[in-house]
Amino acid sequence: MEPSSKTKDTAPKPGDNSGVNGDALRSYIERIERLEEEKGVIADDIKEVKAEAKGSGYDGKTLSAILKLRKKDKAERDEEEALLHLYMFALGME
């Protein structure tokens, strides 16, 4: 059954770039790929530093908690701490 003339075929045809700049798109994709590669290298470096710290006697979970806290401002940390204490009190943990 052939599509009726009222139905639009929206799928792009081979060779039809529909206004897409292939060179620009390729450039973006390649830049993202390079950054993803660099991100992997950096993640490996971070793991190594954490392993070094752990080897020096520091607790890994505590280091991670400190890193997370340092990303927040004092007001946000204070609010979270107050809520934590409130919830712990409500549960009879304090």
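For the stretch 50-61, what does the Karplus curve 6.51 cos²θ - 1.76 cosθ + 1.60, with θ = phi - 60°, yield as ³J(HN,Hα) per residue in whole Hz, taken in order and with x for Gly and Pro? In residue order, the calculated couplings are 5, 5, 4, 4, 5, x, 8, x, 7, 7, x, 5 Hz.
With θ taken as phi - 60° and the Karplus curve 6.51 cos²θ - 1.76 cosθ + 1.60 applied, the whole-hertz 3J(HN,Hα) list for the stretch 84-91 is 4, 5, 4, 5, 5, 5, 4, 8 Hz, x standing for glycine and proline.
Subtracting the Cα-Cα distance of L25 and K74 from their residue separation scaled by 0.36 nm leaves 13.5 nm.
Hey, which of these cross-link pairs are over 23 Å Cα-Cα: K47/K74; K39/K68; K54/K74; K47/K68? From K47/K74; K39/K68; K54/K74; K47/K68, over 23 Å: K47/K74; K54/K74.
Quick note: the coordinates plus some simple rules give every number you see, no bench work behind them. Please read all numbers here as calculations on a predicted model, not as lab measurements.
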